[in-house]
1. Conditions: (1) out of contact with any Gly (no Cβ under 7 Å at 6 or more places or on another chain); (2) open to solvent by 50 Å² or more (accessible area, probe 1.4 Å). B:I231 meets all but one. Number of the miss?
2. Restricting to the range A:35-54, what's the tally of residues that are within 11 Å of another protein chain (Cβ to nearest Cβ), open to solvent by 50 Å² or more (accessible area, probe 1.4 Å) and either within 20 Å of the chain's Cα centre (by Cα) or in contact (Cβ under 8 Å) with a residue 12 or more places away in the chain (or both)?
3. Output the number of residues of the range A:16-34 satisfying the condition of being more than 10 Å from every other protein chain (Cβ to nearest Cβ), open to solvent by less than 80 Å² (accessible area, probe 1.4 Å) and either in a loop (DSSP other than H, G, I, E, B) or closer than 21 Å to B:I150 by Cβ (or both).
4. So for the range B:148-165 (the condition being crowded, with 23+ Cβ neighbours inside 10 Å, within 14 Å of chain A (Cβ to nearest Cβ) and over 18 Å from the mean Cα position of the chain (by Cα)), does at least one residue qualify?
5. Looking at the range B:208-223, can you tell me whether even one residue there is away from chain A (no Cβ under 14 Å), open to solvent by 10 Å² or more (accessible area, probe 1.4 Å) and touching a Lys or Arg at 6+ places or on another chain (Cβ under 8 Å)?
6. Determine whether B:S91 is modelled with pLDDT of 90 or more, assigned to a loop (DSSP other than H, G, I, E, B) and out of contact with any strand residue (DSSP E or B) (no Cβ under 6 Å at 6 or more places or on another chain).
7. Which residue pairs have Cβ atoms under 8 Å apart, sit 6 or more places apart or on different chains, and have a first residue in the range B:280-292 that is in contact (Cβ under 8 Å) with a residue 24 or more places away in the chain and a second that is open to solvent by 90 Å² or more (accessible area, probe 1.4 Å)?
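The values are calculated or read from the model by the stated rules, or taken from the named source; none is laboratory data. Bear in mind the structure is a predicted one, so any value in this text is a computation, not a measurement. Cβ: placed from backbone, ideal geometry, glycine included. Neighbour counts: every protein chain shown. When the accessible area is computed, the model is the full protein with side chains, heavy atoms only, and any ligands, DNA or RNA have been set aside. Shrake-Rupley method; radii C 1.70, N 1.55, O 1.52, S 1.80 Å.
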Amino acid sequence: MEIFETPLPGIGVRYDFDSEAGRRIGVLVHRDGRRDILVYCEDDTDSCSETLRLSTAEAASLVELLGGTKITERLSDLRHEVQGLSIEWINVEPTSPLAGRTIGDGRIRTETGASVVAVLRDGESFPGPGPDFRFSTNDTALVTGSVEGVAKARRIISG
Amino acid sequence: MRIDIALLELGAMMIVLATLGRIAYRLGLPAVPFYLVAGLFFGNGGLIPVEEAVAFVDIGASLGVIFLLFMLGLEYTPTELRQSLATNRLSHVIDIVLNATPGVVVGLLLGWGPLGATILAGITYVSSSGVIAKLLVDLGRLGNRETPGILSTLVIEDLVMAVFLPVVAVLLAGDSAVAGVVSGLVALSIVLAVIALPARAGQRASRFVDAESGEVLLISLLGIALLVAGIAEYFHVSYAIGAFLVGIVLSGQVAERARELLEPLRDSFAAIFFVSFGLTVDPASLVEFLPIALLLALIGGASKFGSGYWSARRSGSSSKGARRAGVTLIPRGEFSIVLAGIAIAGGVNADLGPITVAYVLILAVGGSVLARFVA
């Protein structure tokens with residue numbers, strides 16, 4: 001599943017993707033933490049038929065109802081607390097150039113200064129993977145470093 | 001000053017504004033044009049006299065401009081400004097050329113000279129980020145494909161104003177054209193330096209300002225904004241820009257809290273600013289200049305639709321989405337008034353007042369209504 005990220009200056013960040021059923025769904029993260037759920041029109045995918053406004057607490061409850069974990073939210077809190085240090089979960093998509101290749105192949109630390117500190121695979125975790133650790137599709141890498149470094153690492157991993 | 005009369009005047013004024021604000025809200029229209037019109041009917045011989053309160057209204061209007069620009073700066077981070085500058089350059093150039101030209105031409109035809117024509121160009125060019133951002137939220141269009149393009153256009157227009165305003169201010173101060181160019185370049189380099197500022201510097205500055213108590217933070221913000229505004233005004237580069245730049249530098253949680261703390265202040269003093277601008281305009285002259293303003297508004301609406309449509313098509317919107325983008329960008333508002341206010345205070349032809357009021361009135365209301373119908 002490919003998620004598109006679009007910055008909206010003065011408002012926040014929009015994430016959207018196409019569902020298997022052919023509908024486009026998005027989440028708008030306002031800068032104050034509020035979230036909107038965006039449901040795009042079936043016939044005009046350039047516009048939304050529904051915009052649901054959620055408070056921070058409502059968004060958290062909805063995530064639980066949908067069966068997600070709260071781990072990403074905790075991490076985003078952490079990210080606010082430690083300024084200048086960025087921590088991010090990065091998915092290894094099937095299209096990723098690093099799928100099936102090792103961390104060392106990506107030269108992540110040499111190129112970006114950021115490090116892969118853990119990898120999640122099917123609910124299992126691999127803390128502190130070495131440079132010979134081989135990524136497979138749908139792995140999730142936990143990357144930490146400077147804000148710029150992590151952004152560069154994201155480009156290397158997700159292609 | 002008789003404090004009792006002054007309070008009565010201010011109180012009555014606020015009640016009228018509140019009533020108009022309610023009506024505007026009901027109709028789903030921006031309140032700014034209503035405040036302007038209210039201002040027309042206040043003042044000596046008008047509905048509510050503003051004699052004893054005039055000193056407060058004058059200072060309050062300046063504070064309104066400072067808060068408007070300060071909050072505008074807080075809306076944007078240097079990163080967002082950099083990103084907007086890096087993309088769609090051609091669209092931004094077309095936006096300037098298409099929408100400034102009507103102002104220049106009409107200004108010259110009215111015999112206002114190059115300076116008056118330049119200022120009118122700024123007034124016809126700049127869309128209202130306040131009105132448009134609210135429109136996008138109200139109409140549930142934040143998710144639309146054309147929206148990032150609209151927002152980036154607004155960012156660039158505000159940024160262009162950040163350079164334009166100091167140049168105009170210096171030229172108005174009666175300094176030579178050379179001094180205008182020099183201070184324009186200085187303003188440009190300060191604005192660019194602020195944008196290029198590494199995120200870390202902004203964070204450090206923000207942490208320095210930050211305070212646990214909301215009260216202390218608010219007073220600190222006011223102190224800094226007014227101080228920088230005062231310094232900028234001393235050097236003839238317009239106090240508005242000083243406040244704008246302070247807002248851009250602040251980032252992260254401080255900016256978030258500052259937005260919350262300053263919003264009520266911005267809303268109250270901006271209303272006073274719009275009223276005080278309306279006060280300077282004679283309702284009779286508004287009628288006199290209505291035909292010119294109407295013509296200018298028709299051209300300005302069409303040219304904005306054109307540049308918005310073209311830019312949205314270019315970044316891949318359907319023609320339907322591009323029509324929405326074009327119409328949404330039509331409203332003009334606070335920045336046009338700020339420009340006209342500075343120009344009139346600086347001695348430019350006073351006819352600028354009624355023309356700007358009518359222009360903003362037609363386009364802010366007309367644009368908002370049109371945006372609803374073009375679905």
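1. Condition (1) is where B:I231 drops out.
2. To start, the set of residues in the range A:35-54 that are within 11 Å of another protein chain (Cβ to nearest Cβ) comprises A:36-41, A:43-53.
Those still in the list that are open to solvent by 50 Å² or more (accessible area, probe 1.4 Å) too: A:43, A:45, A:49-50, A:52-53.
Restricting the remaining residues to those that are either within 20 Å of the chain's Cα centre (by Cα) or in contact (Cβ under 8 Å) with a residue 12 or more places away in the chain (or both) gives A:45, A:50, A:52-53.
So the answer is 4.
3. Matching residues across the range A:16-34 total 4.
4. Checked the range B:148-165: at least one residue is crowded, with 23+ Cβ neighbours inside 10 Å, within 14 Å of chain A (Cβ to nearest Cβ) and over 18 Å from the mean Cα position of the chain (by Cα).
5. Yes, the range B:208-223 contains at least one residue that is away from chain A (no Cβ under 14 Å), open to solvent by 10 Å² or more (accessible area, probe 1.4 Å) and touching a Lys or Arg at 6+ places or on another chain (Cβ under 8 Å).
6. Working: modelled with pLDDT of 90 or more: yes; assigned to a loop (DSSP other than H, G, I, E, B): no; out of contact with any strand residue (DSSP E or B) (no Cβ under 6 Å at 6 or more places or on another chain): yes.
No; evaluated as a whole, the condition is false for this residue.
7. Between residues of the range B:280-292 that are in contact (Cβ under 8 Å) with a residue 24 or more places away in the chain and residues that are open to solvent by 90 Å² or more (accessible area, probe 1.4 Å), the close pairs are B:P283/B:F41.
One line per residue, one yes/no per condition, for (1) out of contact with any helix residue (DSSP H, G or I) (no Cβ under 8 Å at 6 or more places or on another chain); (2) open to solvent by 10 Å² or more (accessible area, probe 1.4 Å); (3) under 18 Å from B:H92 (Cα atoms):
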site	(1), (2), (3)
B:K304	no, no, yes
B:A325	no, no, yes
B:I362	no, yes, no
B:V369	yes, yes, no
B:R372	yes, yes, no
